[in-house]
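> Submitted below is the structure of interest, expressed as structure tokens.
The values are calculated or read from the model by the stated rules, or taken from the named source; none is laboratory data. Note that the structure is a prediction, hence the values are computed from the model and not measured. Using ideal geometry, Cβ is built from the backbone for each residue, glycine included, and neighbour counts are taken over all protein chains shown. Remember, those area values only see protein heavy atoms, side chains included, never the ligands or the DNA or RNA. Shrake-Rupley method; radii C 1.70, N 1.55, O 1.52, S 1.80 Å.
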Amino acid sequence: QVHLVESGGGLVQPGGSLRLSCVASGDFRKNFALGWYRQAPGKERELVVIGYSGGTTDYADFVKGRFVFSRDYDTDTAYLQMNSLKPEDTAVYYCNAFYGTTNYWGQGTQVTVAS
């Protein structure tokens, strides 16, 4: 089993920044992809960014230029630096790890962007 633990969510004003962290453990392997999804109230979960083990990173169009994904292979930690936050970024953010057809999820961390 793979365990993913997110942290770093909170309340921030529009235009502000937050940094999310996700620590992977258990059966996690360094060739797994790591990424972030989000789910706003009443909406489906959507992809924010995926970082593949080879270094390729795919961002959703709505976060390009604002969010930055990074990954520390020594500590099996993924980060999401979120800048220029907007109220529509309000959601529960979930860390995701996958390999092949198997997905693992963290418990989620709430991000609220409001004045």
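> On the protein heavy atoms, probe 1.4 angstrom, tell me the percent of accessible surface of the chain carried by carbon and sulfur.
48 percent
> I've got another one for you. Ratio of the range 60-102's C-alpha Rg to 2.2 N^0.38 Å, to two decimals?
Cα Rg divided by the expected 2.2 N^0.38 Å: 1.37.
> Here is a follow-up. Would you mind checking the radius of gyration and Dmax of the chain based on alpha-carbon positions, in Å?
Taking only Cα atoms of the chain, I get Rg and Dmax of 13.3, 41 Å.
> While we're here: For the chain, give me the percentage of DSSP beta bridges that are antiparallel, rounded to the nearest 5 percent. Present the calculation step by step, with values, prior to reporting the outcome.
Numbers: 40 of 43 bridges.
Rounded to the nearest five, the antiparallel share is 95 percent.
> Under 8 Å for C-alpha pairs, at least 6 residues apart: give me the relative contact order for the chain, rounded to a whole percent.
Across the chain, relative contact order equals 36 percent.
> Using the Karplus curve 6.51 cos²θ - 1.76 cosθ + 1.60 with θ = phi - 60°, what ³J(HN,Hα) values do you get for each residue of the range 42-52, in whole Hz, with x for Gly and Pro?
x, 10, 7, 5, 10, 6, 9, 6, 10, x, 7
> Tell me which trypsin sites (Lys or Arg not before Pro) from the range 29-115 have a DSSP coil assignment and no more than 12 other beta carbons within 10 Å of their own.
Taking the range 29-115 and a limit of 12 other Cβ atoms within 10 Å, the loop trypsin sites (Lys or Arg not before Pro) found are Arg29, Lys30, Lys43, Lys64.
> Then there is this: Loop-only check: which chymotrypsin sites (Phe, Trp or Tyr not before Pro) in the range 1-78 are DSSP coil with at most 10 other Cβ within 10 angstrom?
Here the chymotrypsin sites (Phe, Trp or Tyr not before Pro) that fit, given the DSSP loop and packing criteria, are Tyr73.
> Determine, from the Cβ-Cβ distance of Thr57 and Gln1 and an R0 of 22 Å, the FRET efficiency 1/(1 + (r/R0)^6), rounded to the nearest 0.05.
Plugging the Cβ-Cβ distance into 1/(1 + (r/R0)^6) gives 0.25.
> Picking from Phe67, Gln107, Pro14, whose Cα lies most toward the positive end of the charge dipole for the chain (charges on Cβ: Lys, Arg +1; Asp, Glu -1)?
Value: Pro14.
> Return the loop-located GluC sites (Glu not before Pro) in the range 19-115 (DSSP other than H, G, I, E, B) with at most 11 other Cβ atoms within 10 Å of their own Cβ; answer none if there are none. Please list the in-between numbers first.
Values: sites: Glu44, Glu46, Glu88; in loops: Glu44.
Qualifying residues, ordered by number: Glu44.
> If you count only protein heavy atoms with a 1.4 Å probe, what accessible area per residue comes out for the chain, rounded to a whole Å²?
Numbers: 5940 Å² over 115 residues.
Dividing the accessible area of the chain by its residue count gives 52 Å².
> Would you mind telling me which residue in Leu11, Leu20, Leu85 has the biggest mean-square fluctuation in a Gaussian network model of the chain, where springs connect alpha carbons within a distance under 10 angstrom?
Of Leu11, Leu20, Leu85, the Gaussian network model singles out Leu11 as fluctuating most.
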